[in-house]
Amino acid sequence: MTENVWWKRLPGYLATGIVIVFASMWWFWGVAEMYYEGWWGAWYNRLPYLAPGAICLLLALAAIRWPRLGGWLMIVAGAGFTLFLWGEDLFEGNFTLERALAQLPLTMSLVLIGGLFLLEARNKKKRLAAGWQPHARWWRRNLAYLLILGSALLIFIGTSIYNLPTVLTRQDDGDRGARLIDGNDVTLVWAPEGPGWNWQQSFGGYPSWGALALYGARPVGIDTKSPEEKRAATQEDMDTTGLCVYLNDAGTELMDLPQYIWRMPTTDEIVRSLALHGENAGCAWSGEKGFMECELKPDKETPLWAPDLNPIYYWSGDEYDAEEAYFVSYNAAVNYQPKGWGNPRHGYRCVKEP
């Protein structure tokens, strides 16, 4: 008769249950972000969003099949993820205990799960030595695999059912010229393709709010400032030396001197210009961050957005405070980020009066 003490099985039960929930959450995040951020251009643009969830699923399956190997893999992955999140601030001396405590559940969760699997590996070895055998029924032997793969499949199907009708009916008229958008008490001309609209830089991203605001500061340009010449941008900088004020009247070329024809739109102007299938969505900025109330749910469509490009946010011309500035997403969410921060999903578009 083999020993079957429940508390000796507890680390394995806990590790399996937690890793299923953990992997499922990352998988859900990846699938949802694929439809939200990654649905543009070629199909392979969507794959990076599935990678974190897929890696977590593979780690979970490996740990369930080989607890010792999977446990060590999770510990190494958790430590690597922690260094990735904390590394730069640690080396620069900007890391704080408050941040460490806030992010600890996320950064160290894999380490904890890995430790539980190592305990399960030791206990499983003892069970096998005592004559323990897996359950005779196939579904009972493979219940953990069925749960994790089944949950991943259900998450993918459910998230796709919710999002596919939106992304597959997204409208794109192909016009990347200057566009007059009129409605919801806002009438503006939005810049055409070129330096006034999602001007991609050599580093593969788009200018930060600060880089846009300091474009005209000597020496003029985005990539022309030395580290000593870079500084925190202000609202006055955006209004006087911002990239938009150097655009020519057609919005196709940056001039040597300020023209003061174009400018960055305000947060409220972007929100009020959001639309769905050519109809103004009836949104208005509340003055706070979060999702704005709209009559229609807006989408990433022309004439305001370029559905074939990766930006899903536009920087507004408004600063939040001395360190951060506002941006607006195509689904009417308003938030703010550090002025010097940017990525391939943060674009911009200059405007002028008609």
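Just one of (1) modelled with pLDDT of 90 or more; (2) surrounded by fewer than 20 Cβ atoms within 10 Å (Cβ to Cβ); (3) not charged (D, E, K, R) fails for F91. It is (1).
Give the residue that is modelled with the highest pLDDT, with candidates limited to residues of segment 34-48 that are in contact with a Leu (Cβ under 9 Å, 6 or more places away or on another chain) and either more than 30 Å from L309 (Cβ to Cβ) or crowded, with 19+ Cβ neighbours inside 10 Å (or both).
We begin by selecting, within segment 34-48, every residue in contact with a Leu (Cβ under 9 Å, 6 or more places away or on another chain); these are 34-35, 38, 40-41.
Filter again for either more than 30 Å from L309 (Cβ to Cβ) or crowded, with 19+ Cβ neighbours inside 10 Å (or both), leaving 34, 38, 40.
Details: M34: 97, G38: 94, W40: 93.
Filtering segment 34-48 for residues that are in contact with a Leu (Cβ under 9 Å, 6 or more places away or on another chain) and either more than 30 Å from L309 (Cβ to Cβ) or crowded, with 19+ Cβ neighbours inside 10 Å (or both), the one modelled with the highest pLDDT comes out as M34.
Just one residue in the set S160, S208, S151, S202 is polar (S, T, N, Q), outside the structural domain of N343 (by TED's automatic domain parsing) and more than 23 Å from L276 (Cβ to Cβ); that residue is S151. Restricting attention to segment 129-148 and to residues that are in contact (Cβ under 8 Å) with a residue 60 or more places away in the chain and surrounded by 10 or more Cβ atoms within 10 Å (Cβ to Cβ), the residue that is nearest to G30 (Cα to Cα) turns out to be I148.
Looking only at segment 21-58, how many residues end up being part of a helix (DSSP H, G or I) and within 21 Å of I161 (Cα to Cα)?
Within segment 21-58, the first condition is being part of a helix (DSSP H, G or I), and the residues that meet it are 21-36, 43-58.
The next check asks that each one be within 21 Å of I161 (Cα to Cα); those that pass are 23-36, 43-51, 53-54.
The qualifying residues number 25.
For every residue, the table says whether it meets (1) surrounded by 15 or more Cβ atoms within 10 Å (Cβ to Cβ); (2) touching a strand residue (DSSP E or B) at 6+ places or on another chain (Cβ under 6 Å).
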residue: G278; (1), (2): no, no
residue: G282; (1), (2): yes, no
residue: E288; (1), (2): no, no
residue: P303; (1), (2): yes, yes
residue: N310; (1), (2): yes, no
residue: A322; (1), (2): no, no
residue: V328; (1), (2): yes, yes
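Counting the residues of segment 136-167 that are under 22 Å from W66 (Cβ atoms) and within 22 Å of the chain's Cα centre (by Cα) gives 1.
In this structure, G70 does not qualify as assigned by TED's automatic domain parsing to the domain that holds L128, out of contact with any Phe, Trp or Tyr (no Cβ under 8 Å at 6 or more places or on another chain) and modelled with pLDDT under 90.
Suppose the filter is more than 16 Å from the chain's Cα centre (by Cα) and at pLDDT 95 or above; does A325 pass it? Can you show your working first?
Working: more than 16 Å from the chain's Cα centre (by Cα): yes; at pLDDT 95 or above: yes.
When the stated conditions are applied, A325 passes them.
All conditions but one from (1) farther than 30 Å from G38 by Cβ; (2) touching a Cys at 6+ places or on another chain (Cβ under 9 Å) apply to L212; the one that does not is (1).
Examine segment 255-265 for a residue that is closer than 23 Å to S329 by Cβ and of a type in the set (D, E, K, R), and state whether such a residue exists. Yes, there is a match, as at least one residue in segment 255-265 is closer than 23 Å to S329 by Cβ and of a type in the set (D, E, K, R). The C-beta contact set for segment 234-260 (first residue in contact (Cβ under 8 Å) with a residue 40 or more places away in the chain, second residue part of a helix (DSSP H, G or I) and of a type outside the set (A, V, I, L, M, F, W, C), distance under 8 angstrom, 6+ apart or interchain) comprises L254/Y246; P258/T240; P258/T241; P258/Y246.
Return the residues of segment 330-354 that are buried (at least 20 other Cβ atoms within 10 Å of the Cβ) and not in a strand (DSSP E or B); say none if nothing qualifies. Answer for segment 330-354, where residues must be buried (at least 20 other Cβ atoms within 10 Å of the Cβ) and not in a strand (DSSP E or B): Y330, A332, K339, G342, Y348, C350.
The values are calculated or read from the model by the stated rules, or taken from the named source; none is laboratory data. From a predicted model like this one, the values you see are computed outputs, not experimental measurements. We place every Cβ from the backbone using ideal geometry, glycine too, and count neighbours over all the protein chains shown.
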